[in-house]
Structures are given as structure tokens and as C-alpha cells.
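Just below is one structure, and these are the notes that go with it.
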Amino acid sequence: MSVSERGVIHSLPVPVDLRKLVSPASIAVVGASQDTKRVGGEIVLNLKAGGFRGDVFPVNPKYSEICGYSCFPGVTEIGKSADMAVVAVNAELVPNVIRQCGKAGISIAVVLSSGFGEAGASGIKLQRDLDDAIAESGVRIVGPNCIGLMNVRRHMYCGFGPGFRNHGLSKGPVAMVTQSGGYGFSVVGLCNHQGIGFSQIISTGNECDLSTADLIDYILDDDEIKVVVTYIEGVKDGRRLLEVGQKALACGKPILCWKVGNSVVARNAVASHTANLSAPYELFKTAFSGSGYIEIREIEDLVDIARGFLGGRIPRGRRVAVVTTSGGSGVLMADRCDEARLTLPEPPPALLESIRSMLPPHSAVTNPVDMTAQVGDDAASFNRVVKAFVDSPAYDQILVRYGAVQGVNAPAWATGMVAMAQATQKPVLVAWSRVPDTSSKALQILEEGGVPWFITPGRTVTAAAALGDFHCRQTKLQQSVVGPDEWFSKVPINLPPRTDALGEHASKQIIAAYGIPVVNERLFNLAEIENLEQSPFAFPLVVKIESPDIAHKTEAGAVITGIRSLPELRQAAGKVAASAKKHFPDAVIEGVLVQQTCSGMELILGGFVDDCFGPVVILGLGGIHAEVLKDVTRRFAPVSRASAREMIFELRAAPLFSGYRGMPPLDVEALADAIFRLAHLISHHKDQIREIDINPLFIGPAGTGVIAADALVIANIEQKAQ
């Protein structure tokens with residue numbers, strides 16, 4: 001519960017039945033007009049012309065009738081509660097309309113009006129007024145600044161713009177939730193032209209209340225929807241987005257996602273479009289890779305990947321067989337498979353023996369299999385070879401391209417292909433080899449039999465890669481859960497009250513409390529170092545200044561390495577103190593840190609708390625190459641030990657961990673343990689700590705562990721101020 005600037009008490013959002021949004025029995029159109037060129041008039045006309053079978057209640061005190069529907073002066077005067085309201089009035093009138101909807105018992109409203117958060121200072125004030133109205137009324141909101149929604153199954157074309165006048169759309173098992181209404185509804189039309197039908201399309205605009213994730217969550221429970229598409233500029237709750245993506249993965253329904261607004265220029269455009277700016281793109285990529293979101297770049301990607309999933313079969317791995325009558329297309333698909341991390345295993349001896357007699361003399365008996373054009377119209381021979389690969393346990397999905405798809409025997413080939421595909425749980429994907437013609441009997445047989453087909457060999461591989469990747473993510477999802485056997489209890493930590501950044505020694509005490517090994521070190525003042533009779537540790541040593549105000553000590557000359565005697569130690573201590581004072585005269589100096597010298601491969605291990613996605617853990621290649629190579633991987637904290645290991649081998653430097661060119665394998669288990677512990681530290685203390693940086697973290701050969709040579713903890717100033 002919170003209090004707004006206007007003094008309104010905001011409780012938790014009121015639960016809402018989203019069936020009243022997606023499949024309403026009655027709709028109130030507030031701001032309706034007899035002028036059907038105006039937004040309010042066009043909505044009423046589209047509902048009428050589209051064949052909506054429910055009740056429509058236009059609301060406008062100027063009229064008594066619009067498009068044959070009785071018109072009411074206000075929503076409270078309709079006489080019964082509508083399932084949903086569509087609001088198309090000037091922005092300054094919207095908050096009061098929402099309050100009236102609450103009084104009329106309308107639980108959900110779609111606000112088309114613009115001029116809110118995307119419109120600068122004046123819009124932000126109006127947005128606060130709308131937020132207060134939502135809190136007071138209990139009405140849940142889609143929008144503002146959206147263009148409406150559509151349910152093709154219910155003939156509900158409830159919005160404005162050209163997309164809502166396309167009443168001939170074919171309904172299908174695909175749904176879309178889009179922050180861009182204009183683009184989203186154009187996508188629906190273009191996909192419909194290519195045989196992909198949508199049933200539900202919802203434009204969300206600024207998302208001041210109900211979010212893209214909320215709506216996808218609801219849609220995933222619809223048994224008739226098999227694929228979800230979304231266009232995202234930004235979100236307010238990244239963890240909610242991740243949660244919904246993991247639900248999609250668990251129920252086997254992909255979310256094909258345009259994530260836009262990633263470049264500097266595009267982010268500026270987003271600010272004036274829907275004002276949905278949020279976290280860096282890298283964090284969205286992390287969320288997508290661990291859930292059911294599949295990023296797409298073009299409408300062709302959507303069409304191909306949707307076709308693949310609508311076949312209803314997800315492979316059990318990434319092993320692919322390619323069977324063609326064209327060597328060129330086979331080589332092309334082999335290249336694309338390699339780029340997509342799909343493997344093409346050689347046929348096992350038993351499989352080779354079974355198919356050798358079926359192949360023409362000059363066939364390439366390998367994978368890809370080139371049956372050559374000599375097969376011609378011999379569809380039966382082609383299908384027998386395909387079936388042998390389908391039946392082989394060495395392959396997870398089969399890609400085929402048959403040249404004679406318009407020949408006299410093409411229907412028989414297609415019928416056999418459907419029979420094979422329906423008798424297996426493996427995806428069987430067809431690369432069509434001619435200009436697609438919907439009157440083709442063979443193509444019709446594939447369509448009716450649910451066998452996915454694609455215009456080009458490369459686009460066939462696009463679908464195969466998405467299917468293979470989806471299965472791998474499903475497997476990893478089970479491993480990513482932190483189970484009871486990995487439960488890590490919260491360890492109390494003490495943060496100094498006076499500063500946001502801690503000194504290196506204090507920072508290491510915090511990470512050491514979570515069991516992350518730190519270098520042997522002691523903190524001295526200059527007088528104590530002058531009086532030392534023996535070194536605290538074996539030479540060589542490292543000397544650093546200890547100050548919460550000097551994060552980058554090397555640039556300030558506040559670090560000296562390779563110290564091999566007490567006189568050198570005393571001299572080095574004086575130098576770092578003097579240099580620190582010179583570069584940062586106002587810095588608080590807490591002493592001189594004396595450390596043992598560390599060795600090994602240098603890594604960066606860190607964590608931070610993002611405003612949108614919450615706690616994040618990062619692993620990267622360290623040393624002089626860190627800034628140049630930017631070899632980094634991320635996870636949302638906390639992580640399981642299995643996920644920590646995955647992070648290690650996602651780095652481009654991964655071969656170094658297994659032993660490279662005679663070098664010994666590195667201590668992967670110790671590194672995974674450090675990742676696991678740091679992820680829990682940042683997760684447990686996300687309200688107190690904003691950022692943790694261990695740089696460098698040295699990793700040695702297997703069995704020798706890891707050690708933190710430097711660390712920086714930055715506290716959450718806002719939390720400390722409380």
C-alpha cells in the first residue's frame with residue numbers, strides 16, 4: 001500500500017477476470033460518435049460491420065443512437081454493467097471516465113486516448129491523475145495510448161485503424177500482445193496472407209496498469225492458442241516478464257518476440273512513442289535465453305517459426321537429418337544448420353545398410369543425403385529413405401526437400417509424408433521446392449495433415465533451430481531451479497553508515513561472509529608498517545591504499561606490486577599514501593592494505609540490482625582483454641549450481657577452462673561455487689547493496705580453487721537513508 005502525491009492510498013491491484021477483456025459479452029464505447037471517421041465512431045462501426053454478437057453501448061450525451069445502437073449519456077446510465085469499456089475521449093477527461101466506470105460496475109477498460117506519459121510534463125501529470133482514478137475505482141486498465149483489441153473467433157474488431165477493417169481474417173491458433181498497435185495489426189494482416197491465422201490481438205500502449213506479461217500469462221492458459229507473438233519496447237517488471245516466459249516454456253508454447261528500442265536512436269524514439277523505456281537490452285536477452293521467448297527480426301521469422309511449432313512436435317535434441325533430391329539445397333541447409341548450432345550426425349552403419357539399396361547409384365550416402373534428381377517422380381523411394389531416418393534414434397528432427405512436388409506423384413508423396421509425420425514425435429519439416437501454389441494438391445495435403453512446410457531451405461532451418469533451442473531451454477529450466485538441497489541461508493552483513501562505496505578490505509569481508517575465498521591481507525597504518533620486523537606474508541607482496549573514495553586505485557598510483565623485502569614494503573606504503581593524497585586530496589584514507597600476490601587466469605565476477613529485473617550476477621573474462629573482448633555472461637540471481645556451471649561454458653573463453661594446448665584444466669567447480677554464493681549474496685541483500693565487483697577473481701588449476709584479489713561493494717544509498 002502506498003500514498004500518491006495527491007494523497008490517494010494505492011492498494012494492491014484488484015484481480016480482474018480477463019475473459020471480460022478478450023471475450024466480452026457487452027462493450028461500452030465511451031466517446032462514441034456518429035462521425036465514423038472519428039475514433040469513437042469508427043470503433044462502433046467496426047464492431048457492427050465485423051459482426052460482433054454481443055451488446056454494444058455507445059456513450060455520448062450528444063446522441064441518442066449511433067450505427068443502430070441506442071446511445072447513453074454516461075456509463076452509469078446504461079442500466080446494466082458492461083463487461084468492458086473502450087474509452088476514446090480527450091486525455092484530460094479519462095480519469096473521471098474511469099471513476100464513472102467503477103461506479104457502473106465495469107471492471108476493465110481499454111483507454112485509447114493519448115497524451116499521458118509519452119507526452120512530457122503535462123502528460124505525466126495526467127498519468128498521475130489516471131493512476132489515482134484506477135486506485136479509487138478498482139477498474140483495471142489496458143493502455144492508455146493503444147488502438148484496441150481483436151478477437152477473430154468472436155468477430156470482435158474493437159479498435160480503430162486499417163487493421164480493424166480487415167474483417168476477412170482467418171482465425172488461427174496464434175495470439176499477439178503488442179505495445180505498438182499500428183505495427184502489430186499490420187503484422188496480423190501480412191501473416192494472414194501467408195497462411196498464419198491469429199485469434200486474439202491486443203494493443204497495450206503505455207501499460208500504466210495491465211502489462212504485456214499479464215496478458216500473455218492469461219493467453220497461455222487458452223488451449224486453442226499454440227503460439228504467442230509480442231512486440232516489446234520496454235517493461236516495468238522484468239522478473240514478471242521472465243516468470244511468464246518460463247511458464248510458456250513449461251507449457252510448450254513459444255513467445256515469438258520483437259524486442260525493439262535497443263539502440264540509442266531507437267530508445268529516443270520509444271520515449272515519444274509509448275514511454276516504455278526500461279532495462280538494457282542485455283538483460284532482456286538474458287531473460288529470453290532462460291525462458292520461452294524466441295527473438296525474431298522479420299515477419300518471415302514469425303511465419304516460419306510459428307509454422308514449425310504449429311506442427312505440434314518439439315524435438316528431443318539438436319541432431320538433424322537432411323534428405324533432399326538437390327545436392328545444392330542439402331549443402332545450403334548444412335551450412336545453415338551449423339550456423340544455428342544444429343548437428344548433422346553421420347548415419348549409423350545399420351541405417352546406411354538399410355537405405356543403400358534404396359538410393360540411386362550416384363547418391364551421396366551421408367548427411368545431408370542427396371538422392372539426386374534421378375529419383376524424379378519416384379515418391380515411394382524418397383519416402384522410404386525419409387522413414388528410415390525418422391525411425392533412427394540417431395536423429396531428433398528430419399528436414400526434407402523433394403524436387404517433384406508438382407509432379408503427377410506429388411500427392412502420393414505428400415500423403416506418405418503426412419503418414420510418417422503423424423506416426424512420430426519428431427518434427428518432420430518440408431522445404432518446398434517450387435513457387436507455393438495454394439491450389440497444389442500436395443501442398444493442401446501437407447497443410448491438412450499438419451506437416452510444416454517452408455518456402456526456402458534456409459527458412460526451414462530457421463524453424464528447426466527454434467524448435468531445437470526450445471527443447472534445450474526446457475531442459476535447462478529444470479536445472480536452473482534452486483532446489484531445497486541448494487538452499488543458502490541469508491548471512492547478516494554490516495554496512496558502514498557513512499558512505500555508499502566500501503573500501504576494498506571492507507568489501508572483501510562481506511563477500512568472505514558468503515564463503516567466497518579472498519586473498520590473505522592485513523590493514524595497517526603507515527606507523528605500523530614502519531615498525532614491522534617481519535613481513536606479514538611471504539614475498540612477493542602487493543600494497544594498496546584502503547579508501548572507500550578511491551575505486552580505481554591503479555589510475556591514482558595507489559597500487560604497487562612485486563614487493564620483495566621489508567624496505568621495499570615501507571617505501572611502497574609511503575608512495576601509495578602520497579599518490580592517493582595527490583590524486584584525491586579529499587578522500588578518506590583508512591590505511592594501507594598489504595596482500596599476498598595471487599596468480600591464475602583473471603576473471604571478473606560481479607552482481608548488481610537492476611530497477612527492472614532485480615538482482616543480476618555477471619561473469620566475464622578479466623585482465624587486459626576485458627574491455628576489448630567484452631566476454632560476459634549473465635543470470636538473474638539467485639542461481640543454481642547447474643546454472644552457474646552453464647555460465648562458465650557460455651563464455652567465448654570457455655575452451656581455456658577445459659585445458660587448452662597442454663594447459664591444465666581450471667577449477668570449474670570452485671568457480672561455479674563462487675558464482676552460486678555471490679548470486680545469493682546480491683539476492684539476499686538487494687535492498688542494501690546496489691553493486692558488487694570482484695575484479696580480478698583468479699582461478700587456478702583444478703583442485704586449487706579461486707581467490708578474490710580485489711573487491712568493491714556499493715551500498716544502496718536510498719535504503720541506508722531510510
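The values are calculated or read from the model by the stated rules, or taken from the named source; none is laboratory data. Note that this is a predicted model, so its numbers are computed, not measured. Note that we place each Cβ from the backbone using ideal geometry, even for glycine, and neighbour counts take in every protein chain shown. Just the protein is used for accessible areas: all its heavy atoms, side chains included, with ligands, DNA and RNA removed. Shrake-Rupley method; radii C 1.70, N 1.55, O 1.52, S 1.80 Å.
Quick look at the values:
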| quantity | calculated |
| --- | --- |
| All Cα pairs of the chain, percent lying beyond 52 Å | 28 |
| Alpha-carbon centroids, region 300-339 and region 153-213: separation in whole Å | 28 |
| Volume per residue of the C-alpha convex hull in region 566-722, rounded to whole Å³ | 153 |
| Space enclosed by the convex hull of the alpha-carbon atoms of region 351-507, per residue, Å³ | 235 |
| Two-site FRET efficiency, Arg522 against Gln479, from Cβ-Cβ distance with R₀ of 45 Å, rounded to 0.05 | 0.65 |
| 20 Å Cα-Cα reach of Lys125 towards lysines, excluding residues that sit fewer than 8 places from it in its own chain | Lys236 |
| Cα-based reach from Lys103 at 13 Å (exclusive), listing aspartates and glutamates while leaving out same-chain residues under 8 positions away | Glu77, Glu136 |
| Calculated FRET efficiency for the pair Leu566/Ala654, C-beta based, R₀ 60 Å, to 0.05 | 0.90 |
| Helix runs (DSSP H) in the chain reaching 27 Å along axis by Cα, Kyte-Doolittle at least -0.5 | 457-480 |
| Unsatisfied cross-links (Cα-Cα over 20 Å) in the set Lys544/Lys575; Lys508/Lys553; Lys490/Lys544; Lys247/Lys630; Lys285/Lys476 | Lys490/Lys544; Lys247/Lys630 |
| Extension reserve of the Asp586-Ala394 stretch, reckoned as 0.36 nm per residue once the Cα distance is removed | 62.3 nm |
| Sparsely packed chymotrypsin sites (Phe, Trp or Tyr not before Pro) within region 506-566, loop by DSSP, other Cβ within 10 Å at most 16 | Phe537 |
| Cα→Cβ-extended label distance, 7 Å offset, between Lys80 and Asp335, nm | 6.4 |
| Region 527-617: trypsin sites (Lys or Arg not before Pro) in DSSP loop, at most 12 other beta carbons within 10 Å | Arg564 |
| Alpha-carbon radius of gyration plus Dmax, which is the widest Cα pair, for region 334-397 in Å | 12.1, 33 |
| Formal net charge of residues neighbouring Asp396 (Cβ-Cβ distance under 14 Å; K, R +1; D, E -1) | +4 |
| Residues with amide H under 5 Å from that of Ile108, placed H, sequence gap 5 or more | Ala85, Arg140 |
| Probe 1.4 Å, accessible area per residue of the chain, Å² | 43 |
| Alpha-carbon centroids, region 433-505 and region 608-683: separation in whole Å | 20 |
| Solvent-accessible surface ranking, highest first, for Leu619, Leu242 at 1.4 angstrom | Leu242, Leu619 |
| Isotropic mean projected area of the C-alpha convex hull, region 297-356 (nm²) | 5.7 |
| Calculated FRET value between His193 and His552, using beta carbons and R₀ = 51 Å, to 0.05 | 0.35 |
| Translational diffusion of region 304-431, µm² s⁻¹ [Kirkwood Rh, Cα pairs; Stokes-Einstein; 20 °C; 1.002 mPa s] | 147 |
| Å³ per residue enclosed by the Cα convex hull of region 476-533 | 157 |
| Part-to-part distance (alpha-carbon centres) for region 26-64 and region 124-150, which is given in Å | 20 |
| Per-bin percent of Cα-Cα distances, region 469-610 [5 Å] | 2, 8, 15, 17, 16, 13, 9, 5, 5, 5, 3, 1, 0 |
